[in-house]
Amino acid sequence: MTTTAEISFTDPYIDGSWTSGGEARRPVRDPSTGGILAEVSVASIPQCLAAVDAAAGALPAWSQMPPRERAEILQRAYHLMIENLDKLARLIVLENGKVLADALSEVRYAAEFFRWFAEEAVRVPGDLRRSPSGHNWIMVSHE
């Protein structure tokens, strides 16, 4: 079973690094015992704004990355979730009080989104349609 000592990342992760937390901390409790599993940072408003700015700043490079590379990153996320299935499920059990079988299903379900979108990343759809007049073609490209 996961222990409090194993829950080590409790501060905000912003722009590629763990930051020192905000001034406030909040306990995460085990619903079955009421005991504290960990105390996590409550991000400050400046930290939240920094996270949004970091995400916006990452968008241009992400959108210029070849679809195959984006797909590989998403595939890696899927594989990491599956490799850590038991650990992630046990955290869900501890935090939410779910039974282990449900938590395992939840992690698998979430991981499948990464796999699905990894496969879709290389198949960005587009359409070629006739214009309403029928004289021209309209090309639709999704980004």
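The values are calculated or read from the model by the stated rules, or taken from the named source; none is laboratory data. Quick caveat, the model's predicted, so the values are computed rather than measured. Virtual Cβ from ideal backbone geometry, glycine too; neighbours counted across all protein chains shown. Note: areas computed on protein heavy atoms with side chains; ligands, DNA, RNA excluded. Shrake-Rupley method; radii C 1.70, N 1.55, O 1.52, S 1.80 Å.
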Seminar exercise, completed: Nearest 10, in degrees from 0 to 90: the angle of helix 85-96 to the longest Cα principal axis of the chain is 60 degrees
Problem set entry | Loop-resident sites, the stretch 6-107, for GluC sites (Glu not before Pro), counting at most 13 other Cβ within 10 Å (DSSP) | GLU23
For this session: State, to one decimal in nm, how far the label point of VAL52 lies from the label point of TRP18, with both points 7 Å from Cα in the Cβ direction.
Result: 2.7 nm
Problem set entry | Between 0 and 90°, nearest 10: helix 67-83 axis offset from the chain longest Cα axis | 30 degrees
For this session: Mind listing the long-range amide H neighbours of ILE14? Cut-off is under 5 Å, sequence gap 5 or more, other chains count too, H placed in the peptide plane at 1.01 Å from N.
Result: THR19
Seminar exercise, completed: With +1 on the Cβ of every Lys and Arg and -1 on the Cβ of every Asp and Glu, the dipole magnitude of the chain about its Cα centre, in debye rounded to the nearest 20, is 360 debye
Problem set entry | Longest exposed-site-free window of the chain, the sites being trypsin sites (Lys or Arg not before Pro) in a DSSP loop that have at most 16 other C-beta atoms within 10 Å | 1-97
For this session: Give, in nm to one decimal, the length gained when the segment between LEU85 and GLU112 is fully stretched (0.36 nm per residue of separation minus the Cα-Cα distance).
Result: 8.5 nm
Exercise. Tell me, what ³J(HN,Hα) does each residue in the stretch 119-130 have, in order and in whole Hz, if you take phi through Karplus 6.51 cos²θ - 1.76 cosθ + 1.60 with θ = phi - 60° and put x for Gly and Pro?
Worked result: 5, 6, 4, 8, 10, 5, x, x, 9, 10, 10, 6
For this session: Choose one of PHE113, ALA43, ILE82: the residue whose Cα lies farthest towards the positive end of the charge dipole of the chain (beta-carbon charges +1 Lys, Arg; -1 Asp, Glu; about the Cα centre).
Result: PHE113
For this session: Return the long-range amide H neighbours of VAL42 (sequence gap of 5 or more, or a different chain), with a cut-off of under 5 Å between placed amide H atoms.
Result: GLY22, ALA24, ARG25, ARG26
For this session: Step through the residues of the stretch 102-114 one at a time and calculate ³J(HN,Hα) from phi using the Karplus curve (6.51 cos²θ - 1.76 cosθ + 1.60, θ = phi - 60°), rounding each to whole Hz and writing x for Gly and Pro.
Result: 5, 5, 4, 5, 5, 5, 4, 4, 5, 4, 4, 5, 5
Seminar exercise, completed: Phi-derived 3J(HN,Hα) across the stretch 36-49 with the Karplus relation (6.51, -1.76, 1.60, θ = phi - 60°), rounded Hz, x for Gly and Pro, is 8, 7, 6, 10, 10, 5, 9, 4, 6, 4, x, 5, 4, 5
Exercise. Considering only protein heavy atoms and a 1.4 Å probe, what is the carbon-and-sulfur percentage of the accessible area of the stretch 1-111?
Worked result: 59 percent
For this session: First check a/c for the stretch 1-128, with a ≥ b ≥ c the square roots of the eigenvalues of its C-alpha gyration tensor; if it is under 1.5, answer rounded, and if not, answer prolate when a/b is larger than b/c or oblate otherwise.
Result: oblate
Seminar exercise, completed: Non-local residues with an amide H under 5 Å from the amide H of ARG29, with H modelled 1.01 Å from N and Pro and chain starts lacking one, are LEU37
